[in-house]
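Okay, so here's the structure we're looking at.
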Amino acid sequence: QVQLVESGGGMVQAGGSLTLSCAPSGRTFNGYAMAWSRQALGKERELVAGASWSGGRTEYAASVKGRFTISRDKAKDTVSLEMNNLKPEDTAVYFCGADTSAYFSKARYAYYSWGHGTQVTVSS
């Protein structure tokens, strides 16, 4: 099972930007579909974005579409989540996830391995 380490969280004002990064520990992301999810205080975890190994297929939650971009750097073996025009409702702990299937599918959400998360706080 791959271990994942997120970084890049922090505090930003509404309208600002942050980029989260995720790197594997112990083994490579090679061939894995990747995803980002988030959980706000008192709320259920929400799948935010996902990408297939090839990068040809990406999918976003309606709440972030057009503002967030998931991407991967195969040379560095990292996955990023670029977040623009952040809103206070984006405040949450963000988690990076990996699936052994190369093709991203929301139906495989239960099979993902997740990191410990990184806090993102957006102030109004």
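The values are calculated or read from the model by the stated rules, or taken from the named source; none is laboratory data. Quick caveat: nothing in here was measured; it's all calculated off a predicted structure. All Cβ positions, glycine included, derive from the backbone under ideal geometry; neighbour counts span all protein chains shown. To get the accessible areas, we keep the full protein, side chains included, count just its heavy atoms, and leave off ligands, DNA and RNA. Shrake-Rupley method; radii C 1.70, N 1.55, O 1.52, S 1.80 Å.
Numbers at a glance
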read-out	value
Heavy-atom SASA rank of 6, 59 (probe 1.4 Å, accessible area, largest first)	59, 6
Rounded accessible area of residue 47 (nearest 10 Å², 1.4 Å probe)	40 Å²
Fraction of accessible area attributable to carbon and sulfur, the chain (%, probe 1.4 Å)	49 percent
Expected-Rg normalisation [2.2 N^0.38 Å, Cα atoms] applied to the chain	0.97
For the chain, with +1 on Lys and Arg beta carbons and -1 on Asp and Glu, the positive-most of 24, 80, 50 along the dipole	50
Solvent exposure of segment 52-98 as accessible area per residue, Å², 1.4 Å probe	47 Å²
Cβ-placed point charges (K, R +1; D, E -1), dipole of segment 1-64 about Cα centre in debye, nearest 20	80 debye
Lysine-lysine proximity count for the chain, Cα under 29 Å, sequence distance 8 or more or distinct chains	10
